[in-house]
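Only the coordinates and a few stated rules stand behind these numbers; no lab work does. Predicted model, so just to flag it, every value in this text is computed and none were measured. Glycine gets a Cβ as well: all are built from the backbone with ideal geometry, and neighbour counts include every protein chain shown.
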Amino acid sequence: GAGVSQSPRYKVAKRGQDVALRCDPISGHVSLFWYQQALGQGPEFLTYFQNEAQLDKSGLPSDRFFAERPEGSVSTLKIQRTQQEDSAVYLCASSPAGGGVVREKLFFGSGTQLSVL
Amino acid sequence: GESVGLHLPTLSVQEGDNSIINCAYSNSASDYFIWYKQESGKGPQFIIDIRSNMDKRQGQRVTVLLNKTVKHLSLQIAATQPGDSAVYFCAENRNNNAGNMLTFGGGTRLMVKP
């Protein structure tokens with residue numbers, strides 16, 4: 001399909017386990033965002049990439065969270081030593097341009113639902 | 001702190017009626033606003049946006065109104081249909097180094113009764 005694809009759709013992890021969440025943005029999209037959505041809440045910003053450059057990671061909750069986009073397309077969000085409070089839906093979004101004064105809508109994936117037991 | 005929020009967490013309407021979902025924002029630096037619809041198990045889907053130099057924008061069956069004086073945003077859905085049942089989020093954007101980074105409100109659940 002032409003949309004943003006995320007995998008896995010669901011992930012169950014034991015506390016302390018490391019997890020890796022994958023995002024395939026729409027082909028050619030420059031900007032890529034990760035958001036965290038707790039149950040019943042709105043998405044909260046985690047980090048932003050413009051091509052392969054991570055321009056903003058101010059939303060990452062701790063140093064256990066790490067994101068990369070080495071070739072400017074696919075991105076991976078890694079969470080080390082998962083904790084129960086990490087349980088949430090992790091959403092990826094992309095947009096064609098590089099931000100700045102250009103405002104355009106984000107295209108979201110369906111997310112990865114992470115449950116930490 | 002400054003945030004985007006919603007007045008009503010749940011709105012129940014009869015099919016065919018008009019729906020109005022409200023949102024308050026407190027950051028006067030916000031200059032771009034978006035409404036998203038999120039169905040169960042899916043990511044947010046763009047509905048309509050509005051820039052701060054406008055006070056009204058219309059789409060297909062939807063209208064967004066922006067009142068900068070009282071920092072209020074609303075989404076109007078005409079002739080609400082069962083397929084409109086979802087959670088609706090308003091989001092704000094400030095032009096910053098993070099480009100299109102959005103700050104979302106807490107959401108309103110719209111329930112359409114047949």
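Under the simplified labelling scheme, the A:PHE66-B:SER40 pair shows an inter-label distance of 3.8 nm, with each label point 7 Å from Cα along Cα→Cβ.
Here the dipole of chain A is about 300 debye; that uses its Cα centre as origin and unit charges on the Cβ of Lys and Arg (positive) and Asp and Glu (negative). Please compare each pair in B:LYS68/B:LYS113; B:LYS42/B:LYS113; B:LYS37/B:LYS71; A:LYS57/B:LYS71; A:LYS14/B:LYS37; B:LYS37/B:LYS113 to a cut-off of 25 Å on the Cα-Cα distance and tell me which ones are over it. Violating the 25 Å Cα-Cα cut-off are B:LYS68/B:LYS113; A:LYS57/B:LYS71; A:LYS14/B:LYS37. Between the residues B:ILE47, B:THR80, B:THR69, the greatest Cα displacement towards the positive end of the dipole of segment B:4-113, with unit charges on the Cβ of Lys, Arg, Asp and Glu, is found for B:THR69. When the square roots of the Cα gyration tensor eigenvalues are ordered a ≥ b ≥ c, the ratio a/c for segment A:12-51 is 1.5 or more and a/b does not exceed b/c, which makes its shape oblate. Each label was represented as a point 7 Å from its Cα along the Cα-to-Cβ direction; for A:THR76 and B:THR69 these points are 5.5 nm apart. Restricting the GluC sites (Glu not before Pro) of segment A:1-81 to loop positions (DSSP other than H, G, I, E, B) with no more than 11 neighbouring Cβ atoms within 10 Å leaves A:GLU71. Going by neighbour counts of Cβ atoms within 10 Å, the residues B:MET101, B:MET54 line up, fewest first, as B:MET54, B:MET101. Does segment B:4-113 come out rounded, prolate or oblate by the C-alpha gyration tensor, with a ≥ b ≥ c the root eigenvalues, rounded set by a/c under 1.5 and, if not, prolate when a/b is larger than b/c and oblate if not? It is prolate, given that a/c is not under 1.5 and a/b is the larger ratio. Taking trypsin sites (Lys or Arg not before Pro) across segment A:1-81, the ones in a DSSP loop with at most 12 further Cβ atoms lying within 10 angstrom of their Cβ are A:ARG9, A:LYS14, A:ARG15, A:ARG81. The separation of segment A:44-81 from segment B:24-95, counted between C-alpha centres, amounts to 27 Å.
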